[in-house]
Amino acid sequence: EAPALLAFLDDLEQQRHCQPCSRNIRLAARRTFLRYVAQQEPSALALAQRVLAIPMKRHDRHVLGFLTPVEVEAILAATNATDRGRRDHCLFHLLYQTGARISEALNLQRQDVLWQPRVEVQLHGKGRKQRTLPLNAAVAAELKTHLRGRPSEPTAWVFANRWGEALTRSGVEKRLARTVQQAARQCLSLKGRSISPHTFRHACAMHLLQADVDITLIALFLGHESPCTTHHYIELDMQLKEQCL
């Protein structure tokens, strides 16, 4: 019933201290289920309509953060010369060049890297969508060197931890936080900033936009469902705003 669902949503915010966007995600899942129920069981149509009438909660939309080319270079240069440091450098470089989601990069297996006729990676995105992206010469050479130290099985993870298991999102976030802290000593604009793996995706989109790449092509490159999602990046482009003025 709608009252029980409303009580659950209020509990999410007040007791679990979830953000309104998390509340909306939970509500969206239940609304999707109730639409299915209404189609399969007509007697539950009235109940489903009461739940579907619950509106999404409005909330402030934070400005997307991104990195300048100088900041990207500083982070890449801050990785150390150890095996894990070289792995981190390869991962961060791949995230920036392809604009891949961190989940897509961590799910990469050796069989997802295609070497002929050109070097490409097959990314498995949200909603079981797949897309293939080419790699530039620098990232391709770095990835080839990295894979020499990995098992040769087709299902071997491209980016693995010390035990040979796939890296986790939290593990990458910790490694990136240390690298950013190190890079901030040389690049002061990074000092005190919270940089996540997804920030590389934002940086990729922004730099493509600033290079006058059509926004529809950027949406395809990033695997967005609609160019409307990509429009958020236009709000950050001060150079474009200055041209308008």
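Our coupling estimate for the stretch 82-92, obtained by passing each phi through the Karplus curve with A = 6.51, B = -1.76, C = 1.60 and θ = phi - 60°, is 6, 4, 5, x, 5, 5, 4, 4, 5, 5, 5 Hz, Gly and Pro reported as x.
Taking only the C-alpha atoms, wrap a convex hull around the chain and report its volume per residue in Å³ as a whole number. Walk me through the numbers before you get to the answer.
Numbers: hull volume 46.9 nm³, N = 245.
Spelled out: Cα convex hull of the chain, divided by residues, is 191 Å³.
Centre-to-centre, using Cα atoms only, the stretch 64-121 and the stretch 158-204 are separated by 11 Å.
What you get for the chain, charging only the Cβ of Lys and Arg (+1) and of Asp and Glu (-1), is a dipole of about 600 debye around the Cα centre. Annotation: per residue accessible area for the stretch 28-165 equals 60 Å², rounded to a whole number [probe 1.4 Å, protein chains only]. Give the Debye-formula value of log10 I(q)/I(0) at each listed q (0.31 Å⁻¹), with one equal scatterer per alpha carbon of the stretch 111-152, two decimals each. Those come out to -1.09, one per q. Among the protein heavy atoms of the chain, carbon and sulfur supply 54% of the accessible surface, probe 1.4 Å, non-protein parts ignored. Once the chymotrypsin sites (Phe, Trp or Tyr not before Pro) in DSSP loops with at most 14 neighbouring Cβ atoms within 10 Å are cut out of the chain, the longest remaining piece is 1-114. Every helix of 4 or more DSSP H residues in the chain counts as -39500 (n - 2.57), and over all residues that averages to -16000 deg cm²/dmol at 222 nm.
The reciprocal of the average 1/r between distinct C-alpha atoms defines the Kirkwood hydrodynamic radius, which for the stretch 1-139 equals 19.3 Å.
The values are calculated or read from the model by the stated rules, or taken from the named source; none is laboratory data. As the structure is a prediction and not an experimental result, all values here were calculated from the model. Here Cβ is always computed from backbone atoms with ideal geometry, including for glycine, and neighbour counts include all displayed protein chains. Side chains included, ligands, DNA and RNA excluded: accessible areas come from the protein's heavy atoms. Shrake-Rupley method; radii C 1.70, N 1.55, O 1.52, S 1.80 Å.
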